[in-house]
Amino acid sequence: MMDIPTMTTSDEKSVAPQADHAEVSKTFVQRVAQLRAWLFLAALIVTFEIWARLSFGGTFVLSAFNWQSVAVFAVAPLLIAIGQTYVIISGGIDLSTGFIMGLAAVVAAHVTNIAGLYFPAPVAMLIGIAFAVLAAGVPGVINGLLISRLKVPPFIGTLGMFGVARGTAFLLASGTTVPVSNSWLAALGNGRFFGVPYLVLVAAAFVLIMHYVLSQTRFGQHNYAIGANVQAARRAGIDIKKHILKLYVLSAMCAGLGGALYAARFTAGAAQAGEPLLLDSVAAVVIGGASLFGGSGSIIGTVAGALVIAVIQYGLVFLNVEPFWQFIAVGIVIIISVLIDQAQRRFSGGKQDE
Amino acid sequence: MNSQPLLEVRNLSRHFGAVKALENCSLLVRPGEVVALAGDNGAGKTTMIKTLSGVYPPSSGEILIEGRPVKFSSPQEARELGVETIYQDLALADNLTIGANIFLGREPMKKLFGFLPVLDRKRMADAAAETMARLDFHVKRLDAPVSNFSGGQRQAVAIGRAVYWNARILIMDEPTAALGVPEQRKVISLIKSLKAQGRGVIFISHNLQDIFAVSDRIVVLRRGIVAGERAISETTHDEVVKLMIGG
């Protein structure tokens with residue numbers, strides 16, 4: 001765990017010259033705030049390990065099966081949360097992603113089945129995934145246009161799309177789940193490579209790409225600038241409308257990939273696939289160090305946030321705790337996380353003199 | 001006073017419907033000259049700078065840069081012609097470094113491993129250090145977000161960005177308004193160094209002390225017209241106040 005914290009300090013610091021690094025005197029509160037997701041994760045793992053040993057003499061941490069399960073558990077909320085990270089850093093929010101994921105899962109199931117009639121299984125699978133991601137892009141484009149051109153507040157615009165995507169998904173699925181029969185898709189959803197589930201490998205590759213885009217490209221840099229000061233970004237010549245449009249398409253497509261992987265894992269598409277994941281994804285982003293006011297956050301932080309939630313959810317099941325405690329535990333972690341963020345704002349310079 | 005004016009405004013008018021926000025205003029800025037724009041609230045200062053910075057097109061009249069008539073339809077075009085406006089509310093992204101702010105919207109890229117394009121943060125940091133040194137602001141924490149700096153330092157970053165991109169005319173809207181006294185002095189000395197570099201500065205302020213400390217000339221607006229223009233060496237606070245309130 002020792003090498004991970006350096007990755008969560010904001011991207012500015014990782015590549016900038018290190019010569020006078022000692023002078024970057026961050027307060028204790030700022031350090032805690034930046035690492036909070038990892039601290040939560042460490043605390044949870046220690047707690048669960050002690051708990052497991054005391055209550056039934058087993059181990060939580062040393063079981064590979066547990067970690068596989070936690071990782072698979074984390075994949076879908078993480079994919080949604082990655083898109084959400086971009087949106088939240090820009091100062092927006094995307095409430096529609098849960099049902100866009102459901103829509104994509106249904107589309108993936110239908111299209112894979114239909115394509116399976118004409119193509120071999122691997123090709124049909126790829127066509128199904130591609131259609132799912134593209135279909136997810138449609139509500140993303142509408143979200144983006146509503147917010148960037150028609151100035152609809154993100155909360156309301158995406159709430160409307162939440163309903164539209166939900167209804168469309170249920171209509172497409174005729175109100176039930178749509179089973180898929182495709183051996184390759186089933187293997188993608190449940191197979192392993194040297195013990196690591198394929199789903200986790202896909203998610204890890206996706207995390208790397210999205211981390212690169214956010215931390216190393218102009219698009220990512222502009223995203224942070226827009227979240228901090230939209231006027232400044234506009235005056236600097238950044239095309240805000242275009243950026244916002246791309247952002248919501250990106251968020252929807254992340255959910256689309258999540259939907260396709262859902263169809264792979266359960267060999268079925270269901271409209272309600274992503275229903276509980278929306279709030280989990282926002283929680284992962286916030287626990288991961290982003291501020292809902294915009295301007296801060298990172299993909300690595302969000303990964304930690306998603307792991308915190310997955311560990312709580314899986315760990316409590318593992319320890320035979322009634323499932324309702326999961327909601328309470330996740331809720332408490334969110335509240336503590338936001339309290340730490342507020343404390344950081346108060347103690348770190350800059351804001352208080354305005 | 002022999003050199004060609006950097007910026008010349010001839011008989012500029014700007015109407016909003018029936019409201020004449022500016023009527024036949026003329027203004028001249030020479031290289032190395034600081035011109036203060038003064039006036040009460042609603043006198044037309046903001047309209048004047050927004051017209052000069054490309055936000056509003058003029059209703060009539062001419063703007064000339066180094067003798068050539070220009071028309072800008074956006075702040076970007078004004079900036080490309082060397083007119084940079086530094087707004088009171090500090091147009092910085094507080095969460096980014098000085099370098100990232102200087103290069104915001106035109107970030108330099110480099111290739112990692114020969115193929116992967118990444119932001120060239122080293123170049124941004126180097127440019128930031130060099131620019132801030134030119135303004136006599138020695139900031140060591142180039143990897144810290146600008147929110148860690150004081151108001152005066154952030155003002156310097158905004159000015160530094162303009163200087164880096166070679167702005168020849170800087171329009172500064174109340175650059176000292178939000179600052180404490182030592183910081184105000186620092187900004188005043190910044191303006192003096194811009195002047196020494198031969199740039200033209202239009203300086204909007206309510207603070208007559210600052211105006212008298214740094215300007216060569218003062219143009220007083222009142223209800224959309226130029227109420228008077230004086231060389232700073234030949235006028236007094238009282239006279240300027242009279243011009244501002246009329247009578």
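Derivation of every value follows stated rules applied to the coordinates shown; laboratory data play no part. Note that the structure is predicted; figures quoted are calculated from it, not measured. Using ideal geometry, Cβ is built from the backbone for each residue, glycine included, and neighbour counts are taken over all protein chains shown.
What to note about this one:
- Zone residues, the stretch A:104-123, relative to A:Ser181, backbone N less than 16 Å from point 7 Å out along Cα-to-Cβ: A:109-122
- In a reduced charge model with +1 at each Lys and Arg Cβ and -1 at each Asp and Glu Cβ, the stretch A:61-348 shows a dipole moment near 820 debye about its Cα centre.
- Estimated from helical segments only, the mean residue ellipticity of chain A at 222 nm is -24000 deg cm²/dmol, where each DSSP H run of four or more residues counts as -39500 (n - 2.57).
- Dimensionless Rg ratio for the protein assembly as shown, taking C-alpha atoms and the 2.2 N^0.38 Å reference: 1.15
- Note on B:Ile188 and A:Ala205: their simple-model spin labels are 6.4 nm apart, each label 7 Å out from Cα toward Cβ.
- FRET efficiency for B:Glu62 and A:Lys151, using Cβ-Cβ distance with R0 set to 30 Å, rounded to 0.05: 0.30
- Other residues lying with their Cβ under 10 Å from the Cβ of B:Ile65 contribute a combined charge of 0, Lys and Arg counting +1, Asp and Glu -1.
- With R₀ set to 60 Å, the beta-carbon distance separating A:Lys241 from A:Tyr118 gives a calculated FRET efficiency near 0.90.
- When both the stretch B:55-78 and the stretch B:150-190 are represented by their alpha-carbon centers, they are found 24 Å apart.
- Listed residues A:Thr112, A:Thr267, A:Thr176, most fluctuating in chain A (Gaussian network, C-alpha, under 10 Å): A:Thr176
- Considering only A:Ala43, A:Trp325, A:Ala203, the residue lying farthest towards the positive end of the dipole of chain A is A:Ala203, judged by Cα position with unit charges set on Cβ.
- Net charge of Cβ neighbours under 12 Å - reference A:Phe219; Lys, Arg +1; Asp, Glu -1: +1
- DSSP H segments from chain B that extend 15 Å or more along their own axis, Cα-based, with Kyte-Doolittle mean of -0.5 or above: B:151-164, B:181-196
- Peptide A:224-232 shows a mean partner chain C-beta count of 6 within 10 Å per residue C-beta.
- Distance between the pseudo-spin-label points of A:Ser174 and B:Phe113 (7 Å out from Cα toward the beta carbon): 4.8 nm.
- Each helix, a run of at least 4 DSSP H residues, gives -39500 (n - 2.57); summed and divided by the residues of chain B, these come to -9500 deg cm²/dmol at 222 nm.
- For the residues B:Arg106, B:Arg230, B:Arg185, a GNM of chain B with alpha-carbon springs under 10 Å puts the largest fluctuation on B:Arg106.
- Cα gyration tensor, chain A - rounded (a/c under 1.5), prolate or oblate: oblate
- Order of A:Tyr86, B:Tyr87, A:Tyr248 under a 10 Å beta carbon neighbour criterion, fewest first: B:Tyr87, A:Tyr86, A:Tyr248
- Within the same chain, lysines fewer than 8 places from B:Lys71 are excluded, and of the rest, those with a Cα less than 22 Å from its Cα are B:Lys20, B:Lys45, B:Lys50.
- Of A:Trp184, A:Val311, B:Val34, farthest towards positive along the dipole that unit charges on Lys, Arg, Asp, Glu beta carbons give the protein assembly as shown: B:Val34
- Full-stretch length increase - B:Val19, B:Arg106 - with 0.36 nm per residue and alpha-carbon distance subtracted: 27.5 nm
- 3J(HN,Hα) from dihedral phi, the stretch A:260-269, Karplus parametrisation 6.51/-1.76/1.60, rounded to Hz, x for glycine, proline: 4, 5, 4, 4, 5, 5, 9, 6, 6, x
- Estimated at 0.36 nm per residue, the fully extended path between A:Gln272 and A:Ile332 surpasses their Cα-Cα distance by 19.0 nm.
- Comparing A:Ile89, A:Ile309, A:Ile238 in a Gaussian network model of chain A where C-alpha atoms under 10 Å apart are linked, the largest mean-square fluctuation is found at A:Ile238.
- A straight Cα-to-Cα reach below 30 Å connects B:Lys111 with the lysines A:Lys13, A:Lys241, A:Lys242, A:Lys246, B:Lys122, B:Lys140, residues fewer than 8 places away in its own chain not being considered.
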